[in-house]
1. Looking at (1) assigned to a strand (DSSP E or B); (2) crowded, with 24+ Cβ neighbours inside 10 Å; (3) out of contact with any helix residue (DSSP H, G or I) (no Cβ under 8 Å at 6 or more places or on another chain), which is the only condition A:Ala147 fails?
2. Somewhere in the range B:54-63, is a residue farther than 25 Å from A:Ala141 by Cβ and loosely packed, with under 14 Cβ neighbours inside 10 Å?
3. Looking at the range B:98-121, which of its residues are surrounded by fewer than 17 Cβ atoms within 10 Å (Cβ to Cβ) and farther than 24 Å from B:Ala52 by Cα?
4. Tell me, yes or no, whether the range A:13-28 has at least one residue that is touching a Ser or Thr at 6+ places or on another chain (Cβ under 7 Å), of a type in the set (Phe, Trp, Tyr), part of a helix (DSSP H, G or I) and open to solvent by less than 40 Å² (accessible area, probe 1.4 Å).
5. Can you tell me which residue is farthest from A:Ala74 (Cα to Cα) among those in the range A:1-12 that are modelled with pLDDT of 95 or more and either within 12 Å of chain B (Cβ to nearest Cβ) or buried (at least 23 other Cβ atoms within 10 Å of the Cβ) (or both)?
6. Are any of the residues in the range A:134-153 at the interface with chain B (Cβ under 8 Å from one of its Cβ atoms) and of a type in the set (D, E, K, R)?
7. Taking the criterion of being hydroxyl-bearing (Ser, Thr, Tyr) and in contact (Cβ under 8 Å) with a residue 60 or more places away in the chain, would at least one residue in the range B:77-88 satisfy it?
8. State the number of residues belonging to the range A:74-96 that are part of a loop (DSSP other than H, G, I, E, B) and crowded, with 18+ Cβ neighbours inside 10 Å.
There are 2 protein chains.
Amino acid sequence: MPDEPAFQDLYPDDVARCFGCGRLNPHGHRIRSFWDGEESVCSFTPEPYHTAIPGFVYGGLIASLIDCHSTGTAAAAAARAEGRALDSNPPFRYVTASLHVDYLRPTPLGPPLTVRGRVKEIRGRKVVVEATLSALGEVCARGEVVAVRLPDTFRPRAGDVSAP
Amino acid sequence: MPDEPAFQDLYPDDVARCFGCGRLNPHGHRIRSFWDGEESVCSFTPEPYHTAIPGFVYGGLIASLIDCHSTGTAAAAAARAEGRALDSNPPFRYVTASLHVDYLRPTPLGPPLTVRGRVKEIRGRKVVVEATLSALGEVCARGEVVAVRLPDTFRPRAGDVSAP
């Protein structure tokens, strides 16, 4: 893991509770994404119970990893494009407008999974991210996420039921 | 819940360990799907920690529910089309070739979610299922799943790490 903050480490506390990527959600996956040149990268090792057909990774987890890694990539790319820090104000936080995943082959359950993202388009408040998910060096799934920036006026709902 | 077996109750044991829909995965969602006329239906109440932005349901869970409900619908539809029982042999078990989800509006976290599926196409070993996910009577997401039937010769991997 790089010796630097992950994209998700820099989300404001009140939007850092996502089950997939919120560092403040103790029940969740807490994925962490970083730049690797022009690509973003995230490593995640599933639990043994994250199974689909026994021996292979659950497709819903694959979709979740692609989703959260891509919205994180969208936030980091927008910050870079605006020339300011990811943790500056107003905050960069993206949600998913659409998610597409092609499952190319069964993903073996056991080894770490690598998700790599690349920005396909960035325009206004929308970022389109292409992603791959690999195991043992082989691409097992490809995804595309259309991410949209939360309005600056957005506030999480009162009565936050996700607090630890 | 209808007083009848769910689609997933009729999966053979060795392919009933999926994190999303396997009745034998004690860590998973164990969703249950039923016919309701020409549509299939599934109800699921998220846990408080299944959050995205606080107050709203995690998109990865929404994708997972649409995915597993749709592969279940594919199996049930194939059985119906062949005029035999879902738990007859060779078994009907579908995996996901592609998954698409459009998130139409934030899904409130708290109330039960309803996933409804409808077969769009059934041809050979492929079934295309369209799905909606609703909360409080309002459609919050739409999905489409291309499901492909497992080869009859498929056997789960030795060393099943998902066993409870």
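1. Status for A:Ala147: all satisfied but (3).
2. No, that holds for no residue.
3. Those that are surrounded by fewer than 17 Cβ atoms within 10 Å (Cβ to Cβ) and farther than 24 Å from B:Ala52 by Cα: B:Arg118, B:Lys120, B:Glu121.
4. So far as the range A:13-28 goes, no, none of its residues is touching a Ser or Thr at 6+ places or on another chain (Cβ under 7 Å), of a type in the set (Phe, Trp, Tyr), part of a helix (DSSP H, G or I) and open to solvent by less than 40 Å² (accessible area, probe 1.4 Å).
5. Filtering first and then ranking leaves A:Gln8.
6. We begin by selecting, within the range A:134-153, every residue at the interface with chain B (Cβ under 8 Å from one of its Cβ atoms); these are A:150.
Those still in the list that are of a type in the set (D, E, K, R) too: none.
No, that holds for no residue.
7. The answer is no, given that none of the residues of the range B:77-88 is hydroxyl-bearing (Ser, Thr, Tyr) and in contact (Cβ under 8 Å) with a residue 60 or more places away in the chain.
8. Within the range A:74-96, the subset part of a loop (DSSP other than H, G, I, E, B) is A:83-93.
Checking the rest, the ones that are also crowded, with 18+ Cβ neighbours inside 10 Å come to A:86, A:91-93.
Here the count works out to 4.
The values are calculated or read from the model by the stated rules, or taken from the named source; none is laboratory data. Since we're looking at a predicted model, the values are computed, not measured. When we count neighbours, we look across all protein chains shown, and the Cβ atoms used for this are built from the backbone with ideal geometry, even at glycine. Surface accessibility is based on the protein's heavy atoms, side chains included, excluding ligands, DNA and RNA. Shrake-Rupley method; radii C 1.70, N 1.55, O 1.52, S 1.80 Å.
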